[in-house]
Amino acid sequence: MFKTKNSLRINGRVFFVLIICLSAFSTFFYWKYLSKKDLDRRNLNSKIPNKEQTKGYISSDNCKSCHPSEYASWYGTYHRTMTQVAGSHSVMGRFDGSEIDSRGLKYKIFKKNDQYWAKVPDPEIVMKAVETGRRINDYTYQIRTNDILAMLDLRSVPRVEKRVVMTTGSHHYQTYWIDGSVSNQIEQINESKYGNLLQTLPLVYLPKEDKWIPREDAFMRAPSSKRMISQWNHHCIKCHSTNGNPGLRGSNKFETEVAELGISCESCHGGAEEHVKHYQSPIARYAKHFGDKSTTAEHIKNPAKLNHKLSSQICGQCHGVYIYKDAEVGMEYARNGPMYSPGDNIHDYRYYIQHPGSTGSKVNLDELKKNKEFFQERWWDDGTILAGGREFTAMRVSACYTNKKEGIKNISCLDCHSMHHSDPKDQLRQDLTGNQSCIQCHKDDKYTTNIELHTHHEVDSSGSSCVNCHMPHTSYALLGALRSHQIQSPSALRSIEHGVPNACNLCHLDKTLEWTQNHLSERYNHKVFPLTHDQKNISAWILWLLKGHAAQRAIAAWHGGWEPAKVASGNSWLPPYLIKLLNDPYGVVRYIAYKSLKSQESYVNFEYDYLSGSSELDRKSNEAMRLWLNEKREPSNIRIRQEILILEDGEINKEEVNRLLSKRNNRPINIKE
């Protein structure tokens, strides 16, 4: 009995010692793990913009305690996640060891020690070749070295491993930024030659398709364009961070700082340091809580309580086309960050460029003559905005914004949009649906209770939607068509003279420009202008799709999948024309055409890769056309009309289609979205 108790006592001591040892080992390895994680975090932070609280900016973390509801609704937006540190919480792409071919260059994406990496052609060599060299073909550039011209094959550039440190985007697609240090092959080290410069990983991940694509194939760029090379520090920082300071030192070194990555509270409300200090006093808080709610809180800007211009300029920080007022202001920004703060008059620091077609200004006309390419990359030829993301530029020439009549309100961005308590997809105000945004000002019966008198469409139809007629999808960005924010009435003239797709023919895909012009003349007294034979006799949509330049083709192709257009026009005849774009020279046009084709019931399961080689694209186009021809259609469902070039046997008029294709406008199209 004594021995048994003694044994239990000894065993208990041994067990206790084992527990202590196990705890010690666990603690040791846990702290070692934390130390490793902390070291990795510090290493990662050293490669991205420094977070600095300067100029009164203190980050959104300080807003949460007093404004939990506003903070929560902002936190769920794509504005917040526009730029993020690369990690499991932010990276959407599959870093699974795949190798992606980008016009002959190989990019391998993989994970290492829970970090995201890419094996890429040396970014510095590629950057210098593309930015200073002359493009010969997709992978060959003529460069000057020691005053001697030579040819550089980018495929021969040595590949280096670079850590992915930051992401941009979290909705339509996501792109990535890699450590910009320079590889020293002799000493086998990376040197911070350009400071904390971030180079683009020239790949884009499409989350809906779960697909990697070359960066060049995510944007509207002419096939003959140079490769897309960019650095975050002096380009994307302007809109994708809060109070971003490029921190240019000398001519090519960066000490980049931000108050916060992404677009946060202070991007719209200004630096909040003094505001937070003021309301740390309970007396100040209660005085405001029980006081006049209409006044703005101390030391902060509320966009909703500014006039329509100052309020909209806050959005215009990013959603506009501008240059700095002079070289001195531009250099001040490059070295020390923005001088503008929400609530200021942004025109004190920037010159916002407008197309002369939208303003009639002689100054703008002179700018157009000197910089034709610049304008073509952002506007349609008549001055209607083309590039998406330039909504402020578009709105500020709209009558709704410029109106000077007494008693009539001028619109601001906030009449339709809200950063709080709205759908992150488009940030539209939840308290306004349908036409309610417009009838805040347009209160006459013909716009409200008797709207069909104005629209000549049924009350609840898409044709009685204000935005469908006055803000059609004629801007391009993000692999699709977006609503133009240049609010204007439908016009046949802009289509006749400048080729700008109009709202009527983007819904009535089967109608001609003559049909549109006649209706606008009969209903709204528009002047009638001479038309070509094709404009009189062939669907405007088909003309844009087959004869148009790449921007016209992209916009037309997108509307081939737009449900209101398919309802208004019938959709059984659309596929053969969309199929004609499956081997278009522009990748984005092929992508959009395929998306619209997939919206057709017969093509839901049709597989196609828009990045395939030309022979495969031709093969899939032929396969898609056979599918359409072999589909059994009731004679009553076949549209036999000259305007859509469908013959009595249900086939397309190949002779006419080929004639139109032979007249395609091959003007190089690049869009700065």
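The values are calculated or read from the model by the stated rules, or taken from the named source; none is laboratory data. On a predicted model such as this, the values are computed, not experimentally measured, just so you know. Here Cβ is always computed from backbone atoms with ideal geometry, including for glycine, and neighbour counts include all displayed protein chains. Accessible surface areas use protein heavy atoms only, side chains included; no ligands, DNA or RNA. Shrake-Rupley method; radii C 1.70, N 1.55, O 1.52, S 1.80 Å.
What the table below lists for this structure:
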{"read-out": "Wholly enclosed helices (runs of 4 or more DSSP H) of region 513-600 bearing at least 3 residues of a type outside the set (Phe, Trp, Tyr), open to solvent by less than 50 Å² (accessible area, probe 1.4 Å) and within 21 Å of His172 (Cα to Cα)", "value": "550-559, 587-598"}
{"read-out": "Matching residues in region 69-88 - criterion: being within 12 Å of Glu260 (Cβ to Cβ), open to solvent by 30 Å² or more (accessible area, probe 1.4 Å) and either in a strand (DSSP E or B) or small (Gly, Ala, Ser) (or both)", "value": "Val85"}
{"read-out": "Qualifying position, being open to solvent by 40 Å² or more (accessible area, probe 1.4 Å) and assigned to a helix (DSSP H, G or I), among His347, His319", "value": "His347"}
{"read-out": "Scope region 421-449; condition buried (at least 16 other Cβ atoms within 10 Å of the Cβ), part of a loop (DSSP other than H, G, I, E, B) and within 22 Å of the chain's Cα centre (by Cα); matching residues", "value": "Pro424, Gln427"}
{"read-out": "Subset tally (residues that are under 20 Å from the mean Cα position of the chain (by Cα), over 19 Å from His171 (Cα atoms) and among the β-branched types (Val, Ile, Thr)) for region 214-273", "value": "2"}
{"read-out": "Residues located in region 89-109, provided they are within 23 Å of Asn43 (Cα to Cα), open to solvent by 30 Å² or more (accessible area, probe 1.4 Å) and part of a strand (DSSP E or B)", "value": "Lys108"}
{"read-out": "Inter-residue pairs, beta-carbon under 8 Å, first of a type in the set (D, E, K, R) and in region 83-98, second in a strand (DSSP E or B), 6+ apart", "value": "Arg94/Ile109; Arg94/Tyr205; Arg94/Trp212; Asp96/Ile109; Asp96/Phe110; Asp96/Lys111"}
{"read-out": "Residue within region 452-459 that is open to solvent by 20 Å² or more (accessible area, probe 1.4 Å), assigned to a loop (DSSP other than H, G, I, E, B) and either touching a Lys or Arg at 6+ places or on another chain (Cβ under 9 Å) or in contact (Cβ under 8 Å) with a residue 60 or more places away in the chain (or both) present", "value": "yes"}
{"read-out": "Enumerated helices (runs of 4 or more DSSP H) restricted to region 178-295, each holding at least 3 residues that are under 30 Å from Gly343 (Cα atoms) and at pLDDT below 90", "value": "282-289"}
{"read-out": "Some residue of region 636-652 being within 30 Å of the chain's Cα centre (by Cα), in a helix (DSSP H, G or I) and either at pLDDT 95 or above or of a type in the set (Lys, Arg) (or both)", "value": "no"}
{"read-out": "Of the criteria (1) surrounded by fewer than 16 Cβ atoms within 10 Å (Cβ to Cβ); (2) without any contact (Cβ under 8 Å) to a residue 60 or more places away in the chain, which one Leu152 fails", "value": "(1)"}
